[in-house]
Amino acid sequence: TKHGLSRAQAAAWVQLARSLLRFPDAYWGADRIARVFALVLAIDTGVAAACADTTDANALRLLACALAERLLRRAPNIVSGLLEVVKDLVDHWTALAEEATGELATYAHRLACLAVAALAQAGFGQANKAADTACRELCTGLFARLDSALGVLALDALAAVAQAARQYAASLKSCPGIEQWTALLPGWISHTAQAVARGGERAACFVGAYAVLRRLAASMGCDGSGEDEIAGCAATQLGEGARESSGLRLALAVYAVYTPQVLGASASRVLALLVRELASGTAESSAACQQRELRAAIAAITGASVDEEQALSDVVGSYAVEPLLQGLDEAAFVAALTTFVQGMLRGGQAAAIGGSAVRVCVRLARKQDTGAHAAQRQRAVQRRVGSVLTATHAAISRADSAEAAADALRIVDEVVGAPGLRCTMHDIGEALASVWTLLMAPLRQAPDSLADLYCQVCRCLGAIARRHGAPVLDAPAALVPILRVLQHAFVSRPDSAPALPNEPWLVAHAPFPVRCAEAYSRLLSDLCQARRPDASKRSDGGELVKLTRGTGASGTAAVLTAYVPQVLAEFCVIQAGGASTLVARLPVAARATGTQSFRGLSWRPATPTAAGRTAIVASPAVRDALLPGWYALFDCMTADDRHTLLAMLATQPAADPSAQQHRAVASWPALFAPEHCDGAHEVLKSLYQSYSDHYKYTGQV
């Protein structure tokens, strides 16, 4: 129209684009994809520009770019039919990536790279001269913008071309435009080498471009793939006295890792430089654009796909630190591991870098790994398991976010889950203490991230129960309080209950979703299936003794029977309305030590929160998800155990002097008084009835 599309007309186009996005790919035939792509281009370049409102225009462009990316990934050959306009399209998406922000800029960035990659595929793989010419002209224009705000886009596009050239390296000599490529590449390589030597803000991008162009030249048999022109610059920048920007030093260090003639015998020095640069926090605290450039440079050097959401320290740890550690001898590996553990104890950015590197060391120590130094790495990590878990506990105690806590907990998960590592009773106790400290932390994050953290805790505890059954069965009292505490994540929080300043995240953000209840049920099942390794077998992977009831006090069933009723009783009391007493405020000393006890008919609180709250697990879906866990506990209990627990829940207890003392100190009431636990025995009877009707095997089908 004369004044542009109205809001109503734009809304109709938005609805059309959303409908196309929801349409399954399976129903798009080869003849329809080109038509849909033409419609998408019309929406992107024509309809969106005609919108009178900027918000509508951006929404249409975002939907069109998302749909165009989906179509290009499904059928990249459609670019070959758009050779007359493909350069204009790439210029349009390039300008959009430079001017827009957020998701729109990301989609435009990926679209431009996909279009260039599709042209390279057609030119190199199908010997399409027009596609090869268009690809070369686009690469020439993008190469000239490496030193601009579009440097990351230019680097990603060149990397896509290099990947296509590597894929069709065997047939490139017959490509019609190979002479033009071989004439351009030496000059480009020399230009990037000079830019690296000059340094500057975007020098990291040029390091990645240099690695990409050398790979491209090697695939095409070009002279530019000979002597490394930045080897001398790398040796200077990676020296002890160099004072260059962190981005360039990190990029050159990663480049040295993947270039043997640059790395030479200085692996330990490069590793120390990487750790020092990351621990300084300069790269992590730099601008977002500089971090994107460094990630793009690492992806270009390694040829891998780097997640944009992944922390820079994890990227460097995965693609630089780990390859370096694999080549170190035992002495250097021990020195590096000691440095990482000490960094975890110092705190700050050094703790994050040290934790990421320690996880890499533990992964390298897995028994299945092979190599020249695999046995030495495993021996070095085995000797320092206790130190690693102690440092991890310190890192968890300092964590102020769910992400930091999850990163530290991953180290515990790696240690207890490594097939080649043996954990002593002290090690398992340190791991459980770390989990307890994490559960008591007052984290304030988004509910989704905390739900992920809860599931991660359950997976970690399940790994401890599965792989280290002997320590768990020797001291189940250390695990039972954690199992009791975890149940309070499903208690519905009263609307009138105010949040406390230091309230643990487990209670402050309750109730948690169904997937957390499923994770908790799997944890209880893993615990009930815990077994001791056969003492007669010296090997780590010896057969497991299948112990049954009645084999003695040291049997699995006998040990679990003494403790699993506490876990089951916790749920019964919560459902009977006793959550307000079970979650009274713990004193500071008790909260620090995590002491819990079960004394006859009196229970101490399982987790700290505000007193005076009465709530239950109200969600039917959550209760159904918890049923498999309760059934597993019933499998471990005899009839006498069940009758004893039923009597405890139904009978008023005698006065307990310790409870009276706690009541005087912190207003702790008697936990099993009738006014609080009336009905808990009915909950137990209902659970057992469901167990008998729907789960228990009776010998009949």
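Of all residues in segment 293-307, those satisfying the criterion of being of a type in the set (D, E, K, R) and without any contact (Cβ under 8 Å) to a residue 40 or more places away in the chain are R295, D307. Kindly indicate whether Q652 is part of a helix (DSSP H, G or I), at pLDDT below 85 and loosely packed, with under 14 Cβ neighbours inside 10 Å. So Q652 fails the test. Somewhere in segment 198-212, is a residue crowded, with 24+ Cβ neighbours inside 10 Å and either assigned to a loop (DSSP other than H, G, I, E, B) or free of Cβ contacts under 8 Å to residues at least 60 places away in the same chain (or both)? For segment 198-212, residues crowded, with 24+ Cβ neighbours inside 10 Å and either assigned to a loop (DSSP other than H, G, I, E, B) or free of Cβ contacts under 8 Å to residues at least 60 places away in the same chain (or both): present. Within segment 43-98, the residues that satisfy the criterion of being surrounded by 17 or more Cβ atoms within 10 Å (Cβ to Cβ) and of a type in the set (D, E) are D44, D56, E69.
Number of residues in segment 416-436 that are modelled with pLDDT of 90 or more and under 23 Å from S313 (Cβ atoms): the value is 1.
The criterion of being within 36 Å of the chain's Cα centre (by Cα) and open to solvent by 70 Å² or more (accessible area, probe 1.4 Å) holds for Q167.
All of R484, R466 fail the test of being open to solvent by less than 10 Å² (accessible area, probe 1.4 Å), over 19 Å from the mean Cα position of the chain (by Cα), farther than 18 Å from A395 by Cα and modelled with pLDDT of 85 or more, apart from R484.
Among residues of segment 144-163 that are in a loop (DSSP other than H, G, I, E, B), those with a Cβ under 8 angstrom from a residue that is open to solvent by 50 Å² or more (accessible area, probe 1.4 Å) and not aliphatic (A, V, I, L, M), sequence gap 6+ or separate chain, pair up as L146/R202; D147/R202; A149/E98; A149/C289; L150/E98. Counting the residues of segment 431-463 that are over 19 Å from G629 (Cβ atoms), of a type outside the set (A, V, I, L, M, F, W, C) and surrounded by fewer than 22 Cβ atoms within 10 Å (Cβ to Cβ) gives 8.
Has segment 335-346 got at least one residue that is surrounded by fewer than 17 Cβ atoms within 10 Å (Cβ to Cβ), part of a helix (DSSP H, G or I) and of a type in the set (G, A, S)? Yes, segment 335-346 contains a residue that is surrounded by fewer than 17 Cβ atoms within 10 Å (Cβ to Cβ), part of a helix (DSSP H, G or I) and of a type in the set (G, A, S). Given the condition of a type outside the set (K, R), closer than 21 Å to I230 by Cβ and free of Cβ contacts under 8 Å to residues at least 24 places away in the same chain, answer yes or no: does some residue in segment 173-187 qualify? Yes. Here segment 104-131 is the region considered, the condition is being touching a helix residue (DSSP H, G or I) at 6+ places or on another chain (Cβ under 6 Å) and of a type outside the set (A, V, I, L, M, F, W, C), and the residue that is least open to solvent (accessible area, probe 1.4 Å) is G123. Is it the case that S219 is polar (S, T, N, Q), on the phi < 0 side of the Ramachandran plot and under 37 Å from the mean Cα position of the chain (by Cα)? Taking the combined requirement at face value, the residue satisfies it.
Tell me yes or no: at least one residue of segment 438-446 is in contact with a Pro (Cβ under 9 Å, 6 or more places away or on another chain) and within 22 Å of E518 (Cα to Cα). Reasoning before the result, please.
Restricting attention to segment 438-446, the residues satisfying the condition of being in contact with a Pro (Cβ under 9 Å, 6 or more places away or on another chain) are 439-443.
Subsequent filtering for residues that are within 22 Å of E518 (Cα to Cα) retains 439-440.
Yes - at least one qualifying residue is present in segment 438-446.
Quick check on segment 263-271. Is at least one of its residues over 27 Å from the mean Cα position of the chain (by Cα), under 30 Å from M344 (Cα atoms) and at pLDDT below 65? For segment 263-271, residues over 27 Å from the mean Cα position of the chain (by Cα), under 30 Å from M344 (Cα atoms) and at pLDDT below 65: present.
This table checks each residue for (1) out of contact with any Gly (no Cβ under 6 Å at 6 or more places or on another chain); (2) at pLDDT 70 or above; (3) closer than 27 Å to L271 by Cα.
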| site | (1), (2), (3) |
| --- | --- |
| G200 | yes, yes, yes |
| V212 | yes, yes, yes |
| S219 | yes, yes, no |
| D223 | yes, no, no |
| R243 | yes, no, yes |
| G247 | yes, yes, yes |
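Which residues, counting only those in segment 132-151, are touching a Gly at 6+ places or on another chain (Cβ under 7 Å) and buried (at least 24 other Cβ atoms within 10 Å of the Cβ)? Within segment 132-151, C135 is the sole residue that qualifies.
If you go through segment 398-422 and pick out every residue that is open to solvent by 20 Å² or more (accessible area, probe 1.4 Å) and more than 19 Å from the chain's Cα centre (by Cα), you end up with 3.
Taking first residues from segment 104-120 that are hydrophobic (A, V, I, L, M, F, W, C) and partners that are outside any helix (DSSP H, G or I), the Cβ contacts under 8 Å between residues at least 6 apart in sequence or on separate chains come to A108/A100.
The values are calculated or read from the model by the stated rules, or taken from the named source; none is laboratory data. Computed from a predicted model, the values in this text were never measured in an experiment. Cβ coordinates were reconstructed from backbone atoms using ideal geometry, including for glycine residues, and neighbour counts include every protein chain displayed. Accessible surface areas use protein heavy atoms only, side chains included; no ligands, DNA or RNA. Shrake-Rupley method; radii C 1.70, N 1.55, O 1.52, S 1.80 Å.
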